[in-house]
Amino acid sequence: DAKTTQPNSMESNEEEPVHLPCNHSTISGTDYIHWYRQLPSQGPEYVIHGLTSNVNNRMASLAIAEDRKSSTLILHRATLRDAAVYYCILRDRNYGGSQGNLIFGKGTKLSVKP
Amino acid sequence: DSGVTQTPKHLITATGQRVTLRCSPRSGDLSVYWYQQSLDQGLQFLIHYYNGEERAKGNILERFSAQQFPDLHSELNLSSLELGDSALYFCASSVTLASGAGGTDTQYFGPGTRLTVL
């Protein structure tokens, strides 16, 4: 499976934008880029995913580099509730039944200061 | 609220014992995944069921087993428990079978069961 690399931790101030980077230099042409986050004492939750184009939803934006070797999750205005571990995960769009599970790395622990 | 429920929320037991963790997926979801989260190993995939059938196994010990019932709820059975089995156990559900989902299906996680083995 293609691997992702994320910083161990990042800090942000409340109400400021946050850019969470992810490197995936071995990404294949059929890999989607997914982001999940895990708030303290909760299960992971889906944030966003994309293939080639930048994506926006109510939670965040995903900016994908033109060569797809890196991506950035953007939280436009961080709130205290956004303090969590953010995971960048690759998922092959052609995967078979044995590859439906998510493969979590260590993720980036985001701290948000008031 | 993801719509996925897990019971119990906390479980404290002794080494050598057997426990059963229960997961009810979101309405309409046919796939159930089990994950283990420990401090040293992070989130690890254990097993995947789709519509009652086992589809994939990950780092699941032989002492652990699971099943998915006709009503689609799933149970994870952990036996001969050891101290190292203490962890958070999450289940997740998704609507699709992994194959054919095109890499786009979303997994919805339950709140987890915290298992403590003393």
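Values quoted throughout were computed directly from the atomic coordinates according to the rules given, and no laboratory measurement underlies them. The shown structure was predicted, so the numbers you read here are calculated from the model rather than taken from an experiment. No Cβ is skipped: glycine too gets one built from the backbone with ideal geometry, and neighbour counts run over all protein chains shown.
Overview of results
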read-out: Computed over chain B: relative contact order in percent, which uses C-alpha pairs under 8 Å that are six or more apart; value: 37
read-out: With eigenvalues of the C-alpha gyration tensor scaled by 5 and rooted, the protein assembly as shown, Å; value: 30, 21, 15
read-out: Reachable lysines from A:Lys3, criterion Cα separation under 25 angstrom, eight or more residues apart if same chain; value: A:Lys69, A:Lys106, A:Lys109, B:Lys57
read-out: Inter-chain shielding of A:45-51 (mean C-beta neighbours from other protein chains, 10 Å cut-off); value: 3
read-out: Loop sites in segment B:31-76: GluC sites (Glu not before Pro), DSSP, at most 15 other Cβ within 10 Å; value: B:Glu62
read-out: Cα centre as origin, Lys/Arg/Asp/Glu Cβ charges: chain B dipole, Debye; value: 160
read-out: Within chain B, longest stretch free of exposed trypsin sites (Lys or Arg not before Pro) [DSSP loop, at most 13 other beta carbons within 10 Å]; value: B:64-118
read-out: Two-decimal Rg/Rh across chain A, once Rg and the Kirkwood Rh are taken from alpha-carbon atoms; value: 0.96
read-out: Inter-label distance for A:Ala65 and A:His19, nm, one decimal - labels placed 7 Å from Cα along Cα-to-Cβ; value: 1.3
read-out: Debye log10 I(q)/I(0) for segment A:20-74, one point scatterer per Cα, at q = 0.16, 0.25, 0.31 Å⁻¹; value: -0.47, -0.98, -1.30
read-out: Average beta-carbon neighbours from other chains, 10 Å sphere, peptide A:102-112; value: 2
read-out: Ascending count of other beta-carbon atoms within 10 Å, so fewest first, for B:Leu78, B:Leu83, A:Leu75; value: B:Leu83, A:Leu75, B:Leu78
read-out: Inter-chain shielding of A:37-43 (mean C-beta neighbours from other protein chains, 10 Å cut-off); value: 4
read-out: Chain B: C-alpha gyration tensor shape, a/c 1.5 cut-off, then a/b vs b/c; value: prolate
